[in-house]
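Nothing in this text is a laboratory measurement; each read-out follows from the coordinates by a stated rule. All of these numbers come straight from a predicted model, not from anything done at the bench. All Cβ positions, glycine included, derive from the backbone under ideal geometry; neighbour counts span all protein chains shown.
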Amino acid sequence: MSTSENLTPARPLLEIKNLEVAFKTQNGMVKALKGVDITLMPGKTLAIVGESGSGKSTTAHAIINLLPGSGKITGGEVLFDGKDLSKLSQKEIQFIRGREIGFVPQDPMANLNPVWSIGFQVEEAIRANGIAKGRAEVKKRAIQVLKEAGLEDADKRMKQFPHQFSGGMRQRVLIGMGLSSSPKLLIADEPTSALDVTVQRKILDHLETLTRDSGTALLFITHDLGLAAERAEQLVVMYKGRVVESGPSREILQNPLHPYTQRLVAAAPSLASRRIQSGRQSVVAAAGTPLYAGAADAGVTESIDLVSAAAARAEQVAHTPAAGNAIEVRDLTKIYKIRGAKGDAKTLKAVDSVNFSIARGTTMALVGESGSGKSTVARMLLRLEDATSGEIRIDGVDTAPLAGRELLNLRRRMQPVFQDPYGSLNPLRNIGNTIGEPLDVHKVGDRKSRRARVFELLDQVSLPRTLAGRYPNELSGGQRQRVAIARALSLKPDMVILDEAVSALDVLVQAQILRLLSELQEELSLTYLFITHDLAVVRVIADNVSVMQGGRIVEAASTDEVFGNPRMEYTKELLDAIPGAHIPLGV
Amino acid sequence: MSNTPIDTVPEKIPERSPDHFVAALDDTPLVDVDSVTVGEKPSNLWIDAWRDLRRRPTFWISLVVILFIAVVAIFPTLFTQVLPDQNCSLDNSNAGPAAGHPFGFTKQGCDIFSRTVHGASTSLSVGFIVILLTTVLGILFGAFAGFYGGWLDSLLSRIGDIFFSIPYILAAIVVMSVLFAYRNVFVLSLAIGIFAWPSTARVLRAEILRVKNSDFVMAATAVGLTRFRILMRHVLPNSIAPVIAITTISLAGAIVAEASLSFLGVGLPPTFMSWGNDISQAQSDLRTNPQTLIIPSLALSITVFAFIIIGELIRDALDPKARAQR
């Protein structure tokens with residue numbers, strides 16, 4: 001910032017006024033932003049929070065004119081340092097992009113070109129922004145950028161290619177590139193959504209230090225309210241292309257006034273897990289006097305409040321007598337043969353002597369970061385893959401030798417729900433057939449009774465019966481996940497393996513599905529193995545937790561114990577990385 | 001958390017600060033979380049593709065052209081009473097149009113229009129027999145190689161590569177030269193089809209590799225479906241769309257191949273009524289009697305064009321991304 005600006009009363013660095021953006025679709029122009037106002041002062045941090053489709057990314061892209069070809073700014077203005085960016089020519093905006101406004105994209109895996117070395121790409125950015133001239137000068141600056149990004153031996157790493165970097169490292173590089181020209185504003189679009197929580201924490205700490213040191217204002221976009229409140233001074237909550245609430249983040253979190261914000265606060269697992277920690281208090285009480293009479297009683301918050309859902313669950317489990325172990329896993333090991341970097345055969349121990357047991361009617365969460373081997377455990381339990389050694393006992397029976405009829409019986413008792421709602425349903429089979437297929441395969445009942453069972457299952461997962469004749473493409477992610485749950489339940493299993501079953505969903509939908517899972521467990525006395533990378537969700541759904549790291553279980557205990565008294569350093573690190581862990585909630 | 005003290009509850013809810021903005025509820029009415037909204041009619045890839053095609057005039061024009069040519073091929077006598085290869089009189093050699101002979105006569109004194117009408121069935125037969133062959137072989141090789149993988153994939157893919165490495169026109173020339181005495185529509189189609197299937201197999205194999213790693217395949221395995229049933233019920237139906245598009249276009253290719261081979265003299269014997277043969281025989285009379293060349297060439301081009309257009313449209317309609325971009 002120049003000194004003159006410090007003297008005059010602060011002028012906003014970025015002022016978005018009544019911004020409207022529309023996208024061209026087959027059904028004409030569809031409005032994505034319907035009058036968005038955002039003000040960001042120099043050197044401050046602002047977070048835009050919202051679900052997918054709320055317009056948060058569109059806002060960020062509209063600022064620097066990176067809207068896809070079908071999108072257009074149809075009204076309002078984007079004042080940056082007094083200039084209206086929406087009126088600039090392509091050339092003028094290119095000059096501002098990179099030099100004055102840096103951008104960190106969402107997916108570090110897709111945003112570095114795999115055929116060029118890291119150094120080349122950093123140098124390219126430096127040259128394009130005119131930060132340095134001449135080969136030696138540019139190279140020196142590039143090394144400096146990578147060093148600032150936290151890469152050790154940066155000059156060696158310059159010659160490496162993106163695939164030799166981990167996701168976190170790549171994101172550091174992208175942040176470094178975004179900040180290389182010391183811009184006045186850095187826009188980060190979900191900069192850590194694709195990363196593990198512990199990496200996310202380090203990256204955000206790093207980003208915070210860098211922007212603070214250089215006085216860069218930061219606008220970042222996230223779907224995680226806890227994360228936003230922890231990292232930003234100002235919060236903007238978006239819903240359906242509009243800003244529904246904005247202001248100081250702590251105040252919004254402690255005193256959410258718009259019913260939508262109240263919903264979000266109630267449903268965010270990171271916040272819920274904290275509230276449970278601090279004495280299981282309901283958010284409705286914390287929301288204070290609702291601005292709109294009736295908003296709280298109308299059930300808008302109640303139906304998706306994670307805390308009350310968790311409390312109900314805990315109570316239910318407490319009342320069920322212990323009934324022995326449904327699943328017992330002893331010394332389970334899986335070794336993969338992989339090809340090494342030089343084409344030589346290598347082995348990878350994906351799962352290393354894992355032991356655990358799950359009591360009937362309870363939920364055990366298997367928590368770990370990507371590559372920890374948790375999904376491999378699930379696949380071995382489901383007999384989708386064979387174990388290298390060790391044994392899996394279901395009700396005391398070793399499953400490894402099962403085949404034919406007996407294997408089919410095992411499958412009938414244990415069903416999975418997978419992560420990707422868009423991949424877990426066959427797009428060409430209608431919902432009724434998808435849910436009814438297991439009945440068909442196991443020859444349960446006749447056509448009529450199968451049909452009745454499909455309807456019953458649709459009722460159970462709260463989907464209308466009319467969906468039976470429809471195809472998955474008409475459903476949202478959460479609804480698809482309900483269908484996947486219905487399919488898993490069709491054979492009346494007593495065990496369900498939930499492999500990241502809620503990880504891909506928006507928080508409100510996630511809260512709904514978590515609640516549904518709790519209700520189903522109570523109703524059908526199901527045993528859950530809940531696999532996730534998100535410890536915050538664990539807090540509301542699981543009775544016991546096993547933490548996996550590098551193929552091994554490093555800590556296993558009851559949920560209360562793990563959260564209240566973690567023994568291992570790694571578990572502490574995971575718990576600390578839950579966003580929003582350090583903000584006073586005022587509840 | 002053990003290492004972070006739980007923050008105490010503030011005494012009262014903080015005052016609302018001046019920059020805490022809240023939108024009026026009327027501006028953004030809250031809807032139920034994840035409420036189900038379904039269209040009036042069911043839709044999936046095929047239904048959507050059909051809806052998309054139905055709205056395109058070019059689709060209907062191409063379809064009408066193709067159906068018309070099919071009718072011509074099956075019932076040539078509906079369109080001309082003149083016999084194409086008998087009653088040819090050298091008196092009419094290269095004569096111009098006359099009553100009942102709208103385009104005149106060939107060098108042999110045969111009616112050009114009648115020959116073109118009667119030639120349609122050859123072209124279409126070759127086209128359809130070839131795609132039947134390439135589709136059956138392509139699906140067998142592509143599906144098994146892609147789905148079962150391992151040594152079967154290596155074996156089937158290498159066999160495909162061998163056939164793929166030989167240009168099919170060249171291969172067909174060699175085969176037809178060897179089988180010179182047995183030239184007929186079926187042998188010719190076989191010669192083309194045997195070398196044309198690997199591209200279908202490759203497209204299908206790639207698609208199968210993509211689909212077989214879907215979660216719904218894993219879910220089906222966990223339910224207890226056999227591998228073969230998973231292939232037939234879940235994987236193949238989701239992989240077949242690009243095959244259909246490529247098939248329509250390769251049908252056009254097969255018709256062209258027949259014409260090319262006949263033109264080169266290794267296709268069908270001259271006694272067969274075929275556009276390729278007619279074009280071949282017309283080349284010497286191009287300057288004196290151009291319609292002997294123009295009429296069968298036009299028929300060939302229109303047919304090929306119609307199939308290519310319809311193939312492109314189907315390919316677009318079956319690709320939701322391409323559809324969204326239009």
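Worth pointing out:
- Here A:Lys334 is the anchor, and the aspartates and glutamates within straight C-alpha reach of less than 16 Å, apart from those fewer than 8 places off in the same chain, are A:Asp352, A:Glu385, A:Asp386, A:Glu391.
- Exposure proxy for A:Met169, A:Met548: other Cβ atoms within 10 Å of each Cβ, ordered fewest to most, give A:Met169, A:Met548.
- Entries of A:Lys133/A:Lys159; A:Lys572/B:Lys212; A:Lys240/A:Lys572; A:Lys139/A:Lys572 with Cα pairs more than 29 Å apart: A:Lys572/B:Lys212; A:Lys240/A:Lys572; A:Lys139/A:Lys572
- Here the Gaussian network model covers chain B, with springs between Cα atoms less than 10 Å apart; of B:Val174, B:Val256, B:Val117, B:Val174 fluctuates the most.
- 0 to 90° range, to nearest 10: angle between helix B:291-317 axis and chain B longest Cα axis: 10
- Nearest 10 degrees, 0 to 90: helix B:57-74 Cα axis against chain B principal axis: 40
- Compared with the dominant principal axis of the Cα atoms in chain A, helix A:135-148 is inclined by about 50°.
- Summed side-chain charge close to B:Val22 - residues other than B:Val22 whose Cβ falls under 10 Å, Lys, Arg +1, Asp, Glu -1: 0
- Which of B:Asp19, B:Asp278 has the fewest Cβ neighbours within 10 Å, and the rest in rising order: B:Asp19, B:Asp278
- Spatial separation of Cα centroids for the stretch A:81-129 and the stretch B:169-237, in angstrom: 46
- Over the residues of chain A, the helix contribution to mean residue ellipticity at 222 nm works out to -11000 deg cm²/dmol, using -39500 (n - 2.57) for each DSSP H run of at least 4.
- Sum of -39500 (n - 2.57) over DSSP H runs of 4+, divided by residues of chain B (222 nm, nearest 500): -20000 deg cm²/dmol
- Among the listed pairs A:Lys72/B:Lys41; A:Lys443/A:Lys492; A:Lys31/A:Lys87; A:Lys17/A:Lys56; A:Lys31/A:Lys83; A:Lys56/A:Lys147, those with a Cα-Cα distance over 21 Å are A:Lys72/B:Lys41; A:Lys31/A:Lys83; A:Lys56/A:Lys147.
- Residue order, fewest to most beta carbons within 10 Å, for B:Ile166, B:Ile74, B:Ile246: B:Ile74, B:Ile166, B:Ile246
- Comparing A:Met380, A:Ser180, A:Thr363 along the charge dipole axis of the protein assembly as shown, the residue lying farthest to the positive side is A:Met380, per the Cβ-charge model.
- Whole-number Å³ per residue for the convex hull built on Cα positions in the stretch A:1-158: 164
- Shape index of the stretch B:1-158: Rg/Rh, with Rg the Cα radius of gyration and Rh the Kirkwood radius from the inverse mean 1/r over Cα pairs, equals 1.45.
- Here the dipole of the protein assembly as shown is about 1920 debye; that uses its Cα centre as origin and unit charges on the Cβ of Lys and Arg (positive) and Asp and Glu (negative).
- Relative contact order of chain B, pairs being alpha-carbon contacts under 8 Å that are 6 or more residues apart, as %: 21
- Exposed GluC sites (Glu not before Pro) absent - longest run of chain B, DSSP non-H/G/I/E/B, at most 16 other C-beta within 10 Å: B:41-326
- The stretch A:313-471, dipole about Cα centre (Lys/Arg Cβ +1, Asp/Glu Cβ -1), debye to the nearest 20: 560
- With the gyration tensor restricted to C-alpha atoms of chain B, the semi-axes of the equivalent ellipsoid amount to 59, 28, 15 Å, longest first.
- 17 Å Cα-Cα reach of A:Lys44 towards lysines, excluding residues that sit fewer than 8 places from it in its own chain: A:Lys184
- About its Cα centre, the dipole of the stretch A:1-114 is roughly 240 debye, where the only charges are +1 on Lys and Arg Cβ and -1 on Asp and Glu Cβ.
- For chain A, a Kirkwood radius taken over Cα pairs fed into Stokes-Einstein (20 °C, viscosity 1.002 mPa s) yields D = 82 µm²/s.
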